[in-house]
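Written below as structure tokens is the structure these notes are about.
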């Protein structure tokens, strides 16, 4: 019997009842074997078998692997019909088929020795219902399955309409098909110049598990978000942002970014829902815009140093003014987010005028530079300017220095040096630029009225003369006759 079977195979009597259908357009298209109701046989051999008293059995293979033998070939079709019937109500809109990758080899035998029950049980598991669908691929990788070509085209259309209006899309497509030359942009006008799908998008008809087929709206969401559903995590006791992020392969920054209102200092509440899904689009939709705008050109500011003016003094050499231009831009948006802007043309209507300021560098010992140095040797502010003990404290107190020398905070002329009631021993310097400074409660004075003192010059020694509760320097600053907070000018 074995030799006879071998001879039959060599004569070409082996028959595949189910055939593989494989798309040559898609690398990942499903391979589906469709069960059919009729089988062709070598009738001459069948008659020869009948005359010899032989019986026919059917050997079933799945993807090259042996499943078992059957005495009745119609039992396979019955399983397929039953599965399709059971699925018809669930998938009314789809064309259903039964696929399994099966092939059947008939054999003539003298004695039938099949285990139909075991073989049919295996086949019931192998045979799956499939639907004819349309696979949408991104860069030759299947991304989604939709019902048919019409659904595929609808998904692509809705993908574009996610970023521009239907009117804008119709205008763009009409212009592309007619190759018309665009009119010149008007001032302050923006228009769409192109819409591009950055990835290669293609499709092909395939057979697939009907559960994988989704609607055009779902297809658009999957293409733009990378997922149909966002995963939500509920905060548990002991959770912190960093730990939650790590559990879901995110950085803390990513977790904060996808949860508006959350910061790194937010106190998490038990049961609080957090989005832990970072969207990863499968496709990028680029929209290009042309924009023409009348713009203000801000003038530049420039400082020129001159030794013809005292240090600290400034003067406007040239008043600046803004300019005006008409500029045309190409703007690129990727999935709704601007990723680039390039100026393509520019027409200057009014040139901007530079604002130039002269800054003096000439050092005059009797004139301050406007830069105030710390008047003591270190120390700290023991009392700020403001009201205390029912009256205003007109300056700051500096105590606990590393040394007791009091120094001129800037160049100037000593206009008072000596005792002054509650100030005790004090010195006043006129810096000849609108500023005056006072140094009080000194134990001794080293300068006299009329002396020209440079910045850092020793004026005396810190003490506790006048109304004072301890060794310190009371320091005041006047600007144009009004007392100001020394901390606003001290370095």
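Okay, here's what the table says:
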{"item": "MRE, 222 nm, helices only [DSSP H, n ≥ 4, -39500 (n - 2.57), over the chain, to nearest 500]", "result": "-5500 deg cm²/dmol"}
{"item": "Residues of region 462-491 with amide N under 11 Å of the 7 Å Cα→Cβ point at residue 384", "result": "487"}
{"item": "Three-way shape call for region 171-302 based on the alpha-carbon gyration tensor, with the a/c threshold at 1.5", "result": "oblate"}
{"item": "Ranked by how many other beta carbons lie within 10 Å on average, peptides 118-124, 259-265, 412-418, 86-92 from highest", "result": "412-418, 118-124, 86-92, 259-265"}
{"item": "Förster-model FRET efficiency, 22 Å R0, residue 252 and residue 272, C-beta, rounded to 0.05", "result": "0.85"}
{"item": "Förster-model FRET efficiency, 30 Å R0, residue 330 and residue 209, C-beta, rounded to 0.05", "result": "0.10"}
{"item": "Packing-based order for 399-408, 214-223, using average beta carbon neighbours within 10 Å, highest first", "result": "214-223, 399-408"}
{"item": "Zone residues, region 110-126, relative to residue 55, backbone N less than 15 Å from point 7 Å out along Cα-to-Cβ", "result": "110-117"}
{"item": "Per-peptide average of other Cβ atoms within 10 Å, ordering 331-339, 174-182, 468-476, 344-352 highest first", "result": "468-476, 331-339, 344-352, 174-182"}
{"item": "Full-extension gain in nm, residue 118 to residue 400, via 0.36 nm per residue minus C-alpha separation", "result": "91.5 nm"}
{"item": "Degrees separating the helix 116-126 axis from the principal Cα axis of the chain, which is the longest one", "result": "30 degrees"}
{"item": "The chain: relative contact order as a whole-number percent, Cα under 8 Å and 6+ apart", "result": "9 percent"}
{"item": "For region 412-491, Kirkwood radius (reciprocal of mean inverse C-alpha pair distance, Å)", "result": "12.7 Å"}
{"item": "DSSP-defined beta bridges in the chain - what % are antiparallel, rounded to 5", "result": "95 percent"}
{"item": "Antiparallel bridges, percent of DSSP beta bridges restricted to region 267-376 (to nearest 5)", "result": "80 percent"}
{"item": "Label-to-label distance, nm, for residues given as residue 177 and residue 240 (7 Å Cα→Cβ offset)", "result": "6.1 nm"}
{"item": "Extension gain from residue 185 to residue 72, taking 0.36 nm per residue of separation minus the Cα-Cα distance", "result": "33.0 nm"}
{"item": "Extension gain, residue 139 back to residue 487 (0.36 nm per residue minus Cα-Cα distance, nm)", "result": "118.8 nm"}
{"item": "Cα→Cβ-extended label distance, 7 Å offset, between residue 92 and residue 218, nm", "result": "1.7 nm"}
{"item": "Simple label model, 7 Å out from Cα along Cβ direction - residue 63 to residue 342, nm", "result": "4.9 nm"}
{"item": "Compactness of region 286-362 as Cα Rg over 2.2 N^0.38 Å, two decimals", "result": "1.72"}
{"item": "Span from the region 169-185 Cα centroid across to the region 236-308 one, whole angstrom", "result": "37 Å"}
{"item": "Quarter of the Cα convex hull surface for region 172-217, i.e. its orientation-mean projected area (nm²)", "result": "6.2 nm²"}
{"item": "The chain: projected area of the alpha-carbon convex hull, averaged over directions, in nm²", "result": "46.5 nm²"}
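Read-outs throughout are calculated quantities, based only on the coordinates presented, and are distinct from any laboratory measurement. The structure presented is a predicted model; accordingly, all values stated were derived computationally and were not measured. For neighbour counting, all protein chains shown are included, and Cβ atoms are generated from backbone atoms with ideal geometry for every residue, glycine included.
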